[in-house]
1. Which lysines have a Cα lying under 30 Å from the Cα of A:Lys120, excluding residues fewer than 8 positions away in the same chain?
2. Rounded to the nearest Å, what's the spacing between the alpha carbon centres of the range A:85-114 and the range A:210-262? Just the number, please.
3. Give me the accessible area of A:Ser82, 1.4 Å probe, in Å² rounded to the nearest 10.
4. Buried accessible area between A and B (1.4 Å probe, both chains summed, ligands and nucleic acids excluded), in Å² to the nearest 100?
5. List the aspartates and glutamates whose alpha-carbon lies under 15 Å from that of B:Lys121, not counting same-chain residues fewer than 8 positions away?
6. Relative contact order for chain A: what is it in percent, counting Cα pairs under 8 Å that are at least 6 residues apart?
7. Excluding residues fewer than 8 places away in the same chain, name every one of the aspartates and glutamates whose C-alpha is closer than 13 Å to that of A:Lys233.
8. Carbon-plus-sulfur fraction of the accessible area of the protein assembly as shown, 1.4 Å probe, in percent?
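The values are calculated or read from the model by the stated rules, or taken from the named source; none is laboratory data. Quick caveat: nothing in here was measured; it's all calculated off a predicted structure. Positions of Cβ are generated from backbone atoms using ideal geometry, with glycine treated the same way; all protein chains shown enter the neighbour counts. These area figures cover heavy atoms from the full protein model, side chains too; ligands, DNA and RNA do not enter into them. Shrake-Rupley method; radii C 1.70, N 1.55, O 1.52, S 1.80 Å.
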Amino acid sequence: MSAPATAVPGAGAAAPGTGISISRVGYEYRPPRGRPVLALENISLDIKDREFVALLGPSGCGKSTLLYLIGGFMPLQQGSISVNGRIVTAPGPDRGIVFQSFALFPWKTVIQNILYGLEKRGLPREECRRRAQHYIDLVHLRGFEDSYPSQLSGGMKQRVAIARTLATEPGTLLMDEPFGALDSQTRTIMQDELLSIWRRSPMTVIFVTHDVREAVLLADRVAVMTARPGRIKALVDTRFSGAADSAEVVRSREYADAVDHLWTLVREEAVAAGAGGRP
Amino acid sequence: MTAALMLWRALPVLILAALWETAARTGLVSEHALPALSSIFAALGGLSAGDLYYHTARSVGRGLIAIVAAIPFGVAAGILIAWYLPVRVLLNPLLQCLYPMPKVALIPLTIIWLGIGDVSKITLIFVGALVPIVMAAFNGARGVDRTLLWTARSLGASEVRLLWEVVLPAALPEILNGIRTAIALAFILIVAGELVIANDGIGHMINMWGEAGHYPGMFAGVIVISAVGFAADRAWVALSAWLTAWRQ
């Protein structure tokens, strides 16, 4: 549809062929009845390989839309997106996704859910089983292999969804408010586990959230988006040197400052969205 | 506790049966209009077991063949109509016409085209059963959560595989409900078709006894086909629950 993205020079520019390059992306929702809604406008963003980037913004700012476009789930209307040098045209196993609603196959057990993606890769049956078990253990679900999703709590469902996505070893992990439906204790535990998994595996993570603290805690960099139409308002570095433990991070001065700074940026947009964002 | 509950649930039926029996016995209603329950069951016992099995088997056989044929066609059509716009454009008008049409109105037509034998009856039941199955598969397929589809795609599923591996199982609860409706409809069409003209089947039996003025026999036929219908529905509900046990 369009030419490969030329890397935009700047602090966050990725080396050619690696990372994710988003160039001048626009997107308009065209409902069958009613006026089209401009969701994204001229978004450019470069994400380095193995970087953890949060997309932060008020509800309805198009951050999930941007994630879906990177996933290739919706056709790109304007601009281009490339992942590790390949132009995105369709979904693919190089980009795993985790949704807020878990999106587990309810008719499959835990292990069948995790095996689904593995079997698509054409691995031998034994290898599929071994890997599935490895990821079940990784997310602490040993003993629940044969449970159906309807028998699990929200936190456990999300662990299954994460294990299912990780099991196929995607280079990029797309997360759409993955902990938004969980209670706050479970959410804290899951955030820690996600960080520890990410540190051990070579993955780029794009994490959509409207929770400022979550974004600061998890991400190397936070892209703040404006109210509709979504644009990148600011890119804020949130990598804290030294602190490995998140309990330590949240007590640090740097963390408090970053949360304050981002909160101010987001609040302006939330107010704008509340004031004039409604059609 | 459960025995008491079962008795409680059976109570309306028992009261109705008692009222029926008394009304017929006391001569409150004529024996022709409403034979006593006891004489109906006596007639049921008096029918040759061989005849009864034969006619019941004929009726059920017609319904079964039609339903079994309608399921794959109906499910495939419903999913394809939901999934592919050209198919929807092509088949939707046909479906819209067929949906509100009383299928019994087609009986004379099927007789003219296909005769009075099995083919005309099975065709009628097939058409009648097809519609609720197509509708259910269509609604089920349209209602599949897009995050499930996207997840499957990102895990490497091709579009054809997606229909088989995600859309079909996700639509299954709705499809099973549609088939339940189709089964109920099939019983209506079995009897209606056989009442109009047939050489055998429960509907034919009911007709014969009625014309001969043997009302207990006629009612016996009604009771048999009702019992078979009830059993078929219960069996289908049980099978559906087993097939969707993952829903808890």
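1. Within the straight-line limit of under 30 Å, A:Lys120 reaches these lysines: A:Lys48, A:Lys63, A:Lys108, A:Lys157.
2. 27 Å
3. Around 10 Å² of this residue is reachable by solvent.
4. On the way: alone 13610 and 14270 Å², together 25910 Å².
Rounded to the nearest hundred, the buried surface is 2000 Å².
5. Answer for B:Lys121, where 15 Å is the Cα cut-off: B:Glu194, B:Asp200, listed by chain and number.
6. Relative contact order here is 23 percent.
7. Filter leaves A:Glu41, A:Glu268, A:Glu269.
8. Exposed carbon and sulfur together represent 62 percent of the surface.
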